[in-house]
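S.K.: Take this structure, written in structure tokens, and hold onto it; I'll ask about it next.
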Amino acid sequence: MPRGALLALLGPSGCGKTTTLRLIAGLERADAGRVLVAGRDVTDQPPEARNMGVVFQSYALFPHMSAAANVGFGLESRGMARRDRVARVAEALAMVGLADLAARKPRQLSGGQQQRVALARALAIRPDLLLLDEPLSALDAQLRDGVREEIRALQRRLGTTAVFVTHDQAEALALADLVAVMDQGRLEQIGPPEELFERPATPFVARFVGRSSAFAGTIEAPGRVRVGETLLMAAETPPPGPAQIFVRPHRVQLGPAGDIPAEVTLRTYEGATALLTLATPLGTLLAELPAAAGHRPGDRLMATLPPDALRVFAA
């Protein structure tokens, strides 16, 4: 992972995201393998020797301390002189826009402000690696979007390398330079957000990241996949045999020149776009198109699945 990048660990609850983060931080002991940070082996080092800043899901602020005292706690633990500590705390609080609230206790701060105090505390030690364990999950949706943008802008400005744990796909795709998708303790795929979305490497990634229509079929020959009585052309296929086929809704084309008959059974309005649920010979097919297109349940259409829109996996 490049220095200064933000990596999102994405996956369902219980897949091992937080355990991985705790292993990196030294809060859990690895049964096997090594933990390397910038080429340095920290596997056997205690947490305090790893120079990592951690923002916990619960923020873990000391309720009896002011915002400034919370931010300065790690610096004091490291033996920093009081004068230097005061300057560093002021700098960290200013970075997160809380310079005027330094004297307030956590109970006097909003959820978003508490989250910023926790972030300032992690950044004040100038960590080699910033670790964030679902730090936005306790915030409401509107506030979460704003704080998410602030975290990303600050991380980019400081050039701090960061690992961010989330189960929210939109959050991972919007924040990260790299996304690592996990399932049941295994790494399914790691890459830029666009790569995971457009070219999922496994059926799990195709299902978990974004929306897809999924069909069972048979690969008859290179580039030829049959689903029921319908023959589909695919840009890439595994060797002949049973297959799982996935297609993203935005890649489905609707128009009179299509070759798959479809009937609209449901229209879900999503603002600028609408999601159509289509009954087809393949099974249920999802299609995304501009809301202004105006299709309604009962409309009969023709669909086309471009060959490069199909992701085909051996079953």
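The values are calculated or read from the model by the stated rules, or taken from the named source; none is laboratory data. Being a predicted model, the structure only gives us computed values, none of them experimental. Every residue, glycine as well, gets a Cβ built from its backbone with ideal geometry; the counts of neighbours run over all protein chains shown.
S.K.: Mind checking which residues of segment 199-220 are closer than 15 Å to residue 237 by Cβ, outside any loop (DSSP other than H, G, I, E, B) and of a type in the set (D, E, K, R)?
M.R.: Answer for segment 199-220, where residues must be closer than 15 Å to residue 237 by Cβ, outside any loop (DSSP other than H, G, I, E, B) and of a type in the set (D, E, K, R): just 220.
Quick grid of which residues meet (1) modelled with pLDDT of 85 or more; (2) under 20 Å from residue 89 (Cα atoms); (3) in a strand (DSSP E or B); (4) of a type in the set (A, V, I, L, M):
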residue: 121; (1), (2), (3), (4): yes, yes, no, no
residue: 139; (1), (2), (3), (4): no, no, no, yes
residue: 145; (1), (2), (3), (4): no, no, no, no
residue: 151; (1), (2), (3), (4): no, yes, no, yes
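S.K.: Identify all residues within segment 51-74 that are over 25 Å from residue 28 (Cβ atoms) and aliphatic (A, V, I, L, M); write none if there are none.
M.R.: 65, 67, 68, 69, 71
S.K.: Would you call residue 156 farther than 23 Å from residue 101 by Cβ, part of a helix (DSSP H, G or I) and out of contact with any helix residue (DSSP H, G or I) (no Cβ under 7 Å at 6 or more places or on another chain)?
M.R.: In short, yes.
S.K.: Still on this structure, I have one more. How many residues, within segment 42-94, are closer than 20 Å to residue 114 by Cβ and within 28 Å of the chain's Cα centre (by Cα)?
M.R.: So the count comes out to 13.
S.K.: When you go through 84, 44 one by one, which is the residue that is surrounded by fewer than 19 Cβ atoms within 10 Å (Cβ to Cβ), outside any helix (DSSP H, G or I) and of a type in the set (Asp, Glu)? Talk me through it step by step, then tell me what you get.
M.R.: Details: 84 fails: outside any helix (DSSP H, G or I).
Exactly one of 84, 44 is surrounded by fewer than 19 Cβ atoms within 10 Å (Cβ to Cβ), outside any helix (DSSP H, G or I) and of a type in the set (Asp, Glu), namely 44.
S.K.: Looking only at segment 199-234, filter to residues that are charged (D, E, K, R) and in contact (Cβ under 8 Å) with a residue 12 or more places away in the chain; which one of those is surrounded by the fewest Cβ atoms within 10 Å (Cβ to Cβ)?
M.R.: In this case the residue turns out to be 229.
S.K.: Among the numbered criteria (1) assigned to a loop (DSSP other than H, G, I, E, B); (2) among the charged types (D, E, K, R); (3) without any contact (Cβ under 8 Å) to a residue 60 or more places away in the chain, which single criterion is violated by residue 3?
M.R.: Failed condition: (3).
S.K.: Scan 135, 127 and give me the residue that is part of a loop (DSSP other than H, G, I, E, B), in contact with a strand residue (DSSP E or B) (Cβ under 9 Å, 6 or more places away or on another chain) and surrounded by fewer than 21 Cβ atoms within 10 Å (Cβ to Cβ).
M.R.: Every option except 127 fails the conditions.
S.K.: If you check residue 243 against the conditions, is it in contact (Cβ under 8 Å) with a residue 60 or more places away in the chain and part of a strand (DSSP E or B)?
M.R.: So residue 243 fits the description; yes.
S.K.: Here's another thing I want to ask about it. Only one of these is in a loop (DSSP other than H, G, I, E, B) and at pLDDT below 90: 60, 32. Name it.
M.R.: Of 60, 32, the one residue that is in a loop (DSSP other than H, G, I, E, B) and at pLDDT below 90 is 60.
S.K.: Whether any residue in segment 66-77 is loosely packed, with under 11 Cβ neighbours inside 10 Å, touching a helix residue (DSSP H, G or I) at 6+ places or on another chain (Cβ under 8 Å) and under 29 Å from residue 7 (Cβ atoms) is what I want to check.
M.R.: Yes.
S.K.: Still on this structure: Could you look through segment 268-288, keep only residues that are part of a loop (DSSP other than H, G, I, E, B) and of a type in the set (A, V, I, L, M, F, W, C), and pick out the one that is surrounded by the most Cβ atoms within 10 Å (Cβ to Cβ)?
M.R.: Selected residue: 282.
S.K.: Could you please let me know if residue 265 is of a type outside the set (D, E, K, R), within 19 Å of residue 210 (Cβ to Cβ) and not in a loop (DSSP other than H, G, I, E, B)? Before the answer, list the steps.
M.R.: Values: of a type outside the set (D, E, K, R): yes; within 19 Å of residue 210 (Cβ to Cβ): no; not in a loop (DSSP other than H, G, I, E, B): yes.
No: the conditions fail for residue 265.
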